[in-house]
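Note sheet for the following structure.
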Amino acid sequence: MGLKTRTQQNKSTQASVFFDTHQSNILKGFFIICMLAHHLFYDEATLAGCAVDFAPFGEHQVIVLVQSFKYVMAGFTFLTYYGMTAKLKGKSREEKWAMMPSMIGKRVLTLLFSFLPVYFLSVILAVFMKQDFMLIYSREGQSFFGYAVLDAFGLADFFQTPTMNVTWWYMSFAYVILLMYPFFYAVYERFGILFPGGAFVLPIAMGWDGRYLGICAFTLALGIYTKEHDLLEKWRNAGEGRPEIVLFKLLICLGGFVLLVKLPYVVPVSNFNFAAGTIWAAFCFFTFIGRIPGVSRLLALLGKYSMNIFLVHTFIYYYYFRSFIYSFGHWLLILAVLLGISLAVSVAIEGLKKVTGYDRLMKNMIARILS
């Protein structure tokens, strides 16, 4: 009888699908599409001088839609804390805290060493495009070289110094949330289920809802709590094989999308809206969209290169080739072209890193630093 029970448990475990790196890449792929759409069509000023066809919708409808995609920034932070918590799950408390320094150190160094090639390739591109570096890094006669070094390390936004690319602000924010993970996790250990509630209420009470850390605090807390309690897996497995339950979950996902578009107008609390959008995407994509073979493969590919796409796309559509990108006319075609070019450039960057041996050098340097 015991053997039969264990066999059934093993079969059940084998049948379960966990939210792993592949599922994370699927969600990142969706997030990066939304981010590019958000940047391309954010408002009328963004589209000034461009003749864009928004059929079968109107311009205002698309702008309202893509403005609701702002939450995807928090989505990447959710996946960061979710992934780090997954590394710790199942370990004793002593093992968890012993692992944290090397785990965080590896992520910080990987982020830095992944960014450096993009920065130097951007410098080369700027030279070809005859960009004036003195103009980029000049500020009241202060150190040109110092500003360039801070930008190369992704710290320009942290020190509020000049940068080659305005969207690189996220690099500074990424360092901050990585270094703050032990604090968030310690608070979770101390307060349990009260932790997400506190992360929602405190930023609002302290007036931090308009600041990046305050905006993402609730989402970060949910990244830890969702993985600690395997909420995504429980949601996906609930009602499996029962059509009425599956239909109910599908209706929730569809209804949630409609609500998200209007949520900022109804609930003007960014901390809540960013978390709501992130959780909606995580639950819906893991349960439904991520199971569609062709779609899931495409999204996973985009997710794999999402960091590079994020780092380079602004040069393509905003700084250097704006007229070319918007010349494609239809908004979906414009989005597809920007996404395709950004992906091609990202793949080329990763290929160059492999050919030159940079990847191997990076791994060796990280291992030595952390040894």
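For TYR319 and PHE18, the FRET efficiency from 1/(1 + (r/R0)^6), where r spans their Cβ atoms and R0 equals 51 Å, is about 0.80.
Give the order of ILE63, ILE309, ILE193 when sorted by the count of other beta carbons within 10 angstrom, beginning with the fewest.
Ranked by crowding around the Cβ, least crowded first: ILE193, ILE63, ILE309.
Summing Cβ point charges (Lys, Arg +1; Asp, Glu -1) relative to the Cα centre of the chain gives a dipole of roughly 1400 debye. Its DSSP H runs of at least 4 residues, each contributing -39,500 (n - 2.57), put the calculated 222 nm mean residue ellipticity of the chain at -24000 deg cm²/dmol, to the nearest 500. Taking packing as the residue-averaged number of other Cβ atoms within 10 angstrom, the listed peptides 207-214, 152-159 run from highest to lowest as 152-159, 207-214. Near THR85: Cβ cut-off under 12 Å, other residues only, Lys/Arg at +1 and Asp/Glu at -1. The net charge is +2.
Residues in segment 66-71 carry Karplus couplings, in order, of 6, 5, 6, 7, 4, 5 Hz; the curve used is 6.51 cos²θ - 1.76 cosθ + 1.60 with θ = phi - 60°, and Gly or Pro positions show x.
Spit out the partnerless Cys residues in the chain, using Cβ distances under 4.7 Å as the pairing rule. Unpaired cysteines in the chain: CYS34, CYS50, CYS216. When restricted to Cα atoms, segment 285-371 yields an Rg and a Dmax of 16.7, 53 Å, respectively. Once you keep just the Cα pairs under 8 angstrom separated by 6 or more residues, what percentage relative contact order results for the chain? Here the relative contact order equals 30 percent.
Between ILE292, ILE32, ILE316, the GNM of the chain built on Cα springs shorter than 10 angstrom shows ILE292 fluctuating the most.
Over segment 57-113, the pair-distance histogram of Cα-Cα distances with 5 Å bins from zero comes to 4, 15, 16, 16, 12, 9, 7, 7, 6, 4, 2, 0 percent, rounded to whole numbers.
Using only Cα atoms, tell me the angle between helix 270-287 and the longest principal axis of the chain; keep it within 0 to 90° and round to the nearest 10. Taking the Cα atoms of the chain, the angle to 270-287 is about 60 degrees. The order of CYS34, CYS253, going from fewest to most other C-beta atoms within 10 Å of their C-beta, is CYS253, CYS34. Any idea how far the Cα center of segment 127-188 sits from the one of segment 80-115, in Å? One Cα centre to the other: 23 Å. Taking the C-alpha atoms only, the angle from helix 194-205 to the longest principal axis of the chain is near 40 degrees.
With the cut-off at 1.5 for a/c, could you classify segment 191-337 from its C-alpha gyration tensor as rounded, prolate or oblate? Oblate is the answer for segment 191-337, as a/c is 1.5 or above yet b/c matches or exceeds a/b. What stretch of the chain, leaving out the sites themselves, is the longest with no GluC sites (Glu not before Pro) in a DSSP loop having at most 14 other Cβ atoms within 10 Å? Of all site-free stretches, the longest is 241-371.
When every alpha-carbon pair in the chain is counted, what percent end up more than 38 Å apart? Cα-Cα pairs in the chain separated by more than 38 Å: 21 percent. Amide H contacts under 5 Å for ASP53: HIS330, TRP331, restricted to partners 5 or more places along the chain or on a different chain, H placed in the peptide plane at 1.01 Å from N. Normalised by the number of residues in segment 71-290, the average gap of Cα pairs under 8 Å and 6 or more apart makes the relative contact order 29 percent. Take every pair of alpha-carbon atoms less than 8 Å apart whose residues are at least six positions apart; their mean separation over the length of segment 183-300 yields a relative contact order of 29 percent. Between ALA275, ALA174, ALA221, find the one with the highest GNM mean-square fluctuation for the chain; connect C-alpha pairs within less than 10 Å. The residue with the greatest mean-square fluctuation here is ALA174. For the chain, the longest principal axis of the alpha carbon atoms and the long axis of helix 169-179 meet at an angle near 40°. Taking other C-beta atoms within 10 Å as the exposure proxy, VAL72, VAL17 rank VAL17, VAL72 from fewest upward.
Each residue of segment 71-290 gets 166 Å³ once the volume of the Cα convex hull is shared out per residue.
Only the coordinates and a few stated rules stand behind these numbers; no lab work does. Everything numeric here is computed off the predicted structure, so don't read it as measured data. Because the Cβ atoms are built from the backbone with ideal geometry, glycine has one as well, and the counts that use them run over all protein chains shown.
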